[in-house]
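Read the structure below first, then the notes.
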Amino acid sequence: MFQKIQLVFKCLVFVCMFFMAPIASSQDESGLEDEFALLEEELAADEVESASKHRQSIFWSPSAITVLQREDIRSSGAVTIADLLRRVPGFDIYEMKPSFPLVGARALTEPSNNLVLVLVDGREALMELIGFPIWVGLTIDLEDIERIEIIRGPGSTLFGANAFAAVINITTMTERPASTREILITGGEVGYHNLYGRVQNAWTLTEGTLSFGASIGNYARLSPSDKNAVEMLSQKIRSHGYLRYQLGNDLDVSLHGGVMTGDGYMYLVFGDFIDQNVLNHYITVKTEIGLSDNLRLKAQVYHIRFSGDFHYRSTLRAFGQWLANIPDFFVTSDTVDTQLQVDWRASDWLHLVGGMNFRYNTMDSETITSRNLTEMRGAGFLQAQLQPWDILQLTAGLRVDLNDRTDPAFSPRVALVLRPTTEQAVRLSYGLAFRKPAFIENQMHMKIDEYAFDAIVNKIASAIGNENLVNEQVHSIEVGWRAHFMDDRLKVSVESFFNLYQNMIYFKRQMALDSFGAPNIPDSDYQFENADGNVYAAGGEAELSWSLSDRWRLWGNIGLRWVTDDDFVRLESEPILRTNLGGRWNSVWGIYIDLALHYVSSYNMPMVLPDKTFEETTDIGLGNRWLLIGRVGYRIIQDQTSQLELGFTARAPLGAPFREYPGLEIEPSSRSTSSADWAGEKLVRWISFYLRGAF
């Protein structure tokens, strides 16, 4: 593997030296400013598509939404997608492992509640076994991303299952394809390196444009508490590409594909796993046809295959007794999904969007008692946007999802937007969203061959998965206000929400004892269940962005929440306050600086102790910490497509290293030959240096 790394590194260095030779050392500053303004116009944040599945002004958005543009992504100090998402108000980011962060929003972010839907060029990027993406295991690099639109709040009316707390819509294709070649060479502390290259080109074909893009990268990073660097290396090789033909507004056809392979670590509700020989690949075909000026048809088909070896790093124990070992297991899962959408501008005051989709999921493993697991899903939705007056818009929609494993789900949404001026809007909305149980939650039962008591064999064979689970639900009421001032230099948005969570899924671990104090295996509980009570969350988010000049920009946001149970007792596992502050000096030529500070107030989160996997959890105090993420670089631009950047990025706690999720250091055992953190990792200083070129 390290020989491959060296080979990739040498190739990238050669490419860099070859293409850097013709770069000039001077350029007309005014021309560069014009090109920079053109780029900003192309990626304007004042138009969004995710909130209604058609492009519209952000002032008419029926959902709270945040947009991260290409310049935000490239200039930020983030080197992972999860760190970039720390900038989104109300978002929870918990680093479990270098290859396994948790991403959530507004409340209930934990391994047994996977509430955020992630789309990459329209494809759901999740691992069906656990129901959410392994972020570092995606086939795309941060450098591939052109734009991210984040719906803060429920989105099941348009996107279906798992669009529960938020929708993260990632786009890798640019609207204005150009001929470019890009490289990134970076490395630094905690064993981190990322070697990346991308090529992109476009040609005129008949009356349209044929474009393509392809990238390949190698990413690796160690656990900060690692004492065995070779075994604990979290490494990924990934490649992503597309081929696209555009004929004005009449036709847009694209073929997408990607692959990721490597090793890493992940945390599930009952402990740490090593995942090895992971292979994740997909292929997607998308078509958009303009049938008339007011009618468009969109279709999409994709196939995803995921496979990997999983090794449980600990043992099942209770009350000082060893009970069993979860065996190593190999999993293969396949997903085939088809989608059809019609976008019809029926009149000046009525816009209709409707569609349907069908999905078939399978999962196979010799360690699973039933060997092969399957799931079929189908859905249909319709949304109408009415604008009887220039200052008023009403959005109403309904989606019905059918699943052969759970009951049907109905996801309505109603939103009223009042826009008294062109630069202000007020929104009131209600939505109902749902999350379906993942394979591990409702279908997975395991075979074991190393155990202390015969009774535990049958118990594990019927534990973990629970076929009686029902969908989680959230009712959400939101009120929002958005305004732009000073010729759009000052942008402000304020959102408030009230959420009612029902049927939330959690992992129940309760060991029963017999009259002699010994474990009573048959009467114990060790599986996923729906909670009997409800959870309530009330809070809000505020964003402010102020462009002092063409180069200076300051921004900040705040997220507040108060989360309680049925007895209105606050859940101490939920931080009350999250604050993000930042600023950027953005120079087309010369030095640029981007700094972001992230703060979270104190909270107490439960943790499973590695020697008490069948017992109750232990609360760990966390939070009340600041984290700095920044980038300092120097940029040289020759023309619109040629530039060179070099600099460094830093992610550092202000003060002592800390954890965002409960964790502790463990020693080597019979199940793990290395010593590293159990559950959440420590956040330590992480500095890396980089060279980026585009030609």
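Only the coordinates and a few stated rules stand behind these numbers; no lab work does. Bear in mind that the values here come from a model prediction, so they are computed numbers and not experimental data. Here the Cβ positions follow ideal geometry from the backbone for every residue, glycine too, while neighbour counts run over all protein chains shown.
For segment 140-228, which GluC sites (Glu not before Pro) are in a loop by DSSP, counting at most 11 other Cβ atoms within 10 Å? Mind dumping the intermediate values first?
Details: sites: Glu143, Glu146, Glu149, Glu175, Glu182, Glu189, Glu207; in loops: Glu146, Glu175, Glu189, Glu207.
Here the GluC sites (Glu not before Pro) that fit, given the DSSP loop and packing criteria, are Glu175, Glu207.
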Using Cα pairs closer than 8 Å and at least 6 residues apart in sequence, work out the relative contact order for the chain, in percent.
13 percent
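Determine, for Met266, Met376, Met446, the number of other Cβ atoms within 10 Å of each Cβ, and report the residues in order from fewest to most. Show your work: numbers first, answer last.
Working: Met266 22, Met376 13, Met446 19.
In increasing order of surrounding Cβ atoms, one gets Met376, Met446, Met266.
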For labels at Asp525 and Leu392 in the simple 7 Å Cα→Cβ model, what's the distance in nm?
5.0 nm
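Can you sort Leu627, Leu560, Leu350 by how many other beta carbons sit within 10 Å, fewest first?
Listed from fewest to most nearby Cβ atoms, that is Leu350, Leu560, Leu627.
Would you kindly calculate the translational diffusion coefficient of the chain, applying Stokes-Einstein with the Kirkwood radius from alpha carbon pairs, for 10 °C and a viscosity of 1.306 mPa s, and quote it in µm² s⁻¹ without decimals? Mind showing how you got there, number by number?
Values: Rh = 26.3 Å.
In µm²/s, the coefficient is 60.
Please identify every one of the chymotrypsin sites (Phe, Trp or Tyr not before Pro) in segment 555-614 that sits in a loop by DSSP and has no more than 12 other beta carbons within 10 Å of its own beta carbon. Intermediate values should be presented prior to the final figure.
Details: sites: Trp555, Trp562, Phe568, Trp585, Trp589, Tyr592, Tyr599, Tyr603, Phe614; in loops: Phe568, Trp589, Phe614.
Filter output for segment 555-614: Phe568.
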Distance histogram in 5 Å bins (all Cα pairs of segment 299-419, percent per bin):
2, 9, 12, 12, 12, 10, 10, 9, 7, 6, 5, 4, 2, 1, 0
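Starting from the Cα-Cα distance between Leu243 and Thr287, subtract it from 0.36 nm times their residue separation and give me the gain in nm to one decimal.
Details: separation 44, 0.36 × 44 = 15.84 nm, distance 1.19 nm.
Here the answer is 14.6 nm.
Please go through segment 144-185 and write out the trypsin sites (Lys or Arg not before Pro) that DSSP classes as loop and that have at most 13 other C-beta atoms within 10 Å. Numbers along the way, then the final one.
Values: sites: Arg147, Arg152, Arg181; in loops: none.
Loop-located and lightly packed - none at all.
Please compute the net charge surrounding Gln393, taking Lys and Arg as +1 and Asp and Glu as -1 over other residues with Cβ under 14 Å from its Cβ.
Values: positive: Arg345, Arg413, Arg419, Arg427, Arg482; negative: Asp348, Asp390.
That sum, taken over residues with Cβ under 14 Å, equals +3.
Sorting Phe439, Phe485 on the 10 Å Cβ count, fewest up front, what's the list?
Values: Phe439 24, Phe485 12.
Ascending Cβ contact count within 10 Å gives the list Phe485, Phe439.
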Putting +1 on Lys and Arg Cβ atoms and -1 on Asp and Glu Cβ atoms, find which of Val563, Ala650, Leu544 reaches farthest to the positive end of the dipole of the chain.
Ala650
Enclosed volume per residue, in Å³, of the convex hull spanned by Cα atoms of segment 243-323:
128 Å³
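Please give the charge dipole size of the chain, origin at the Cα centre, charges +1 on K and R Cβ atoms and -1 on D and E Cβ atoms. Round to the nearest 20 debye. Could you put the intermediate results ahead of the total?
Working: 61 positive and 87 negative charges, 140 e Å.
Approximately 680 debye in magnitude.
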